[in-house]
Amino acid sequence: MPEPRVIRTPQEMAAASQAARAKGQRVGLVPTMGALHAGHLSLVDFARPLCGLLVVSIFVNPLQFDRAEDLEHYPVTWEADHALCAAHGVDAIYAPTAAAMYPQGFQSKVRVEGLTQELEGAFRPGHFDGVTTVVLKLFNAVGPHLAVFGEKDYQQLRVIQRMAQDLDLGVEVIGRPTVREPDGLALSSRNVHLSPEERKHALCLRRALDRAQERVRAGERGAAALRAAALAVIEATPGARLDYLEVVDAQELTRLTRLDRPARMVMAVWMGKTRLIDNDALN
Ligand code: AMP
């Protein structure tokens, strides 16, 4: 398996992408913050057969962290990430330095308005501006035909699809299902921070989604009842503290009163000092 090429600057990345396009290759991008796990790799495996040049970006983007503590403790596993990219046939790892991404004097940002106001946006001020700004910069450097994101970060996926459409980016933004541990916990780079006790209780997110889905199968269509059923699971879990739990329109992310269109249950829950998010379709 050839080693992926490591690229550190937007200029070098753009040149590699242009060379691939000149050969008629499709360019695919999987943006990540590293600490790669099977969730990231499912995106890579999905993209691999669809493109000639497959780029994984690894950049812990300071702009999207609303808490300094979260940024400081974000796991960095460069050697393992590199080996996993090689094993999964990645052609290039785009890992710019913060100085290359945000040189002195940097003062621009891109904002998606409506979709970013509620849910994660309400609890993490500035987060989505950081995400859209870095993703637009990654798209500009990599020039991908397609980019693959996880449904794990469902609001992020919808925000980026909106940005790509609104700004005519010409990038196909594809969402892929959440990869879970055998017991149902969604894989996340932040799971390493959970104590064994917290890890056990962290299953409450999946259980809450299951409880709501059971009620839907039993015929319940009222969002308030579904929300209450899921909420009861979180509230019964020692150490769990809720940020939000909502039933929303799967496209617009607005709150629903009834399941009269494609819907998603979305939630964010603190387990001790670790903040976990999860979501799933409700119909
Ligand atoms: P991150 O490194 O956390 O910024 O995530 C990079 C990409 O991987 C994003 O598109 C995430 O939605 C996606 N991702 C993270 N966790 C999972 C998971 N458990 N299953 C599928 N995709 C995931």
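Just so it is clear, none of the values below were taken in a lab; they were calculated from the coordinates. Only a predicted model underlies this, so the values are computations on that prediction, with no experimental measurement involved. Reconstructed Cβ throughout: ideal geometry from the backbone, glycine too, with neighbour counts over all protein chains shown.
Quick notes
- Within-15-Å neighbourhood charge of E72 [Cβ basis; K, R +1; D, E -1]: +1
- In the chain, the calculated helix contribution to ellipticity at 222 nm averages -11000 deg cm²/dmol per residue, counting -39,500 (n - 2.57) for every DSSP H run with n ≥ 4.
- Efficiency of FRET from Cβ geometry, D183 and D45, R₀ 30 Å, rounded to 0.05: 0.85
- Spin-label pair L167/A225, simplified geometry with 7 Å Cα→Cβ offset, distance in nm: 4.4
- By the count of neighbouring beta-carbon atoms within 10 Å, fewest first, M13, M1 end up ordered M1, M13.
- Efficiency of FRET from Cβ geometry, A232 and K109, R₀ 51 Å, rounded to 0.05: 0.80
- Per-pair calculated FRET efficiency, R0 = 41 Å: L242 and Q18 via Cβ, rounded to 0.05: 0.30
- Counting only DSSP beta bridges with both residues in the chain, the antiparallel share comes to about 50 percent.
- Each part reduced to its alpha carbon centroid, region 237-263 and region 157-222 end up 12 Å apart.
- Extent along principal axes [Cα atoms of region 189-277; Å; largest to smallest]: 40, 25, 16
- Calculated over the chain, the projected area of the Cα convex hull averaged across directions stands at 15.2 nm².
- Kirkwood estimate for region 129-264, i.e. one over the average of 1/r between Cα atoms, Å: 17.0
- In degrees, nearest ten, helix 204-217 long axis to first principal axis of the chain (Cα): 70
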